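Asker: Below is one structure. I have some questions about it.
Please treat every number below as a calculation from the coordinates, not as lab data. Source: prediction; values computed, not measured. Cβ coordinates were reconstructed from backbone atoms using ideal geometry, including for glycine residues, and neighbour counts include every protein chain displayed.
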Amino acid sequence: SDRAHALAAETRALATPRRLAVAQAGVDRALAELDLARGRADDALERLLPLFRTRDQRVRNEPYALFTTPVYVEAAVRAGQRNGALEQLAAFEQWAEEGALGWARPIAARCRALLAVDGDEAEKWFSQALAYHESYPHAFERARTALLFGEMLRRGRRKREARRHLRGALETFQGLGARAWAERAAAE
């Protein structure tokens with residue numbers, strides 16, 4: 001954490017005077033992900049709000065903003081502030097579709113699960129996301145999906161099903177050296 005914050009400060013110090021918006025957005029995204037891993041959704045959302053609450057649609061539709069959408073959606077849902085998340089997800093999905101970005105399919109489905117109106121719809125989207133992960137493998141993102149699905153199942157008192165997803169997420173995070181995410185999975 002200290003190292004991440006030191007690197008973020010160094011990057012910001014180099015990027016700000018040069019007006020390197022993508023690098024600055026990357027710092028905000030990385031720190032927001034760290035906040036999410038530590039269960040601090042409000043902090044994550046606060047980092048990302050300037051990017052997503054701007055009225056300038058050109059900024060919100062820039063690739064760096066669109067790439068950050070999944071982190072924003074998770075932070076917004078977990079912080080109980082869904083306003084704008086569905087609209088931004090639609091922009092992300094359109095960008096992914098137009099660019100034929102296959103890696104984005106499972107992540108978009110995961111976001112749909114997070115924004116679902118009920119548990120049945122969420123389960124459908126989480127299952128779809130996991131199926132997409134088979135075609136577009138990315139261990140870290142699959143583990144994120146499994147963690148969120150496991151959390152939802154555990155809250156629904158479906159402990160046996162939850163345990164399978166949570167254990168898989170934990171093992172992946174540990175294997176990747178993603179300590180903060182592994183700690184969150186272990187806590188679940």
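Asker: Modelling each spin label as a point 7 Å along the Cα-to-Cβ direction, I'd like the residue 161/residue 46 distance in nm, to one decimal.
Answerer: The modelled label-to-label distance comes out at 3.6 nm.
Asker: Would you calculate, for the chain, the mean residue ellipticity at 222 nm contributed by helices, counting each DSSP H stretch of 4 or more residues as -39,500 (n - 2.57) and dividing by all residues, to the nearest 500?
Answerer: -25500 deg cm²/dmol, from helical runs alone.
Asker: Please list 170-180, 146-156 highest first by mean number of surrounding beta-carbon atoms within 10 Å per residue.
Answerer: Taking the mean over residues of other Cβ atoms within 10 Å, the ranking is 146-156, 170-180.
Asker: Moving on to the next point. If you build a Gaussian network model of the chain, linking Cα atoms that sit under 10 Å apart, which residue out of 29, 164, 112 swings the most?
Answerer: So, out of 29, 164, 112, the one fluctuating most is 164.
Asker: Determine which residues of region 88-105 fall in the zone a paramagnetic label at residue 140 would reach in this model, i.e. backbone nitrogen under 17 Å from the point 7 Å along Cα→Cβ.
Answerer: Once the point is set 7 Å along Cα→Cβ of residue 140, 103-105 turn out to lie under 17 Å by backbone N, inside region 88-105.
Asker: Mind checking the angle between helix 119-135 and the chain's longest principal axis? C-alpha axes, 0 to 90 degrees, to the nearest 10.
Answerer: 80 degrees
Asker: With angles folded into 0 to 90 degrees, how steeply does helix 21-37 sit against the dominant principal axis of the chain? Use alpha carbons for both and round to 10.
Answerer: 30 degrees
Asker: Can you order the peptides 91-100, 44-53, 71-80 by their average number of other Cβ atoms within 10 Å per residue, highest first?
Answerer: Details: 91-100: 14.7, 44-53: 19.4, 71-80: 21.5.
Top to bottom by mean Cβ count within 10 Å: 71-80, 44-53, 91-100.
Asker: Report, to the nearest 10°, how far helix 104-114 tilts away from the longest principal axis of the Cα atoms in the chain, using its own Cα long axis and a range of 0 to 90°.
Answerer: 70 degrees
Asker: Pulled fully out, how much extra length does the chain show between residue 64 and residue 103, if you take 0.36 nm times their separation in residues and subtract their Cα-Cα distance?
Answerer: 12.5 nm
Asker: Ordered by packing density, taken as the mean number of other Cβ atoms within 10 Å over each peptide's residues, highest first, how do 118-126, 62-70 rank?
Answerer: 62-70, 118-126
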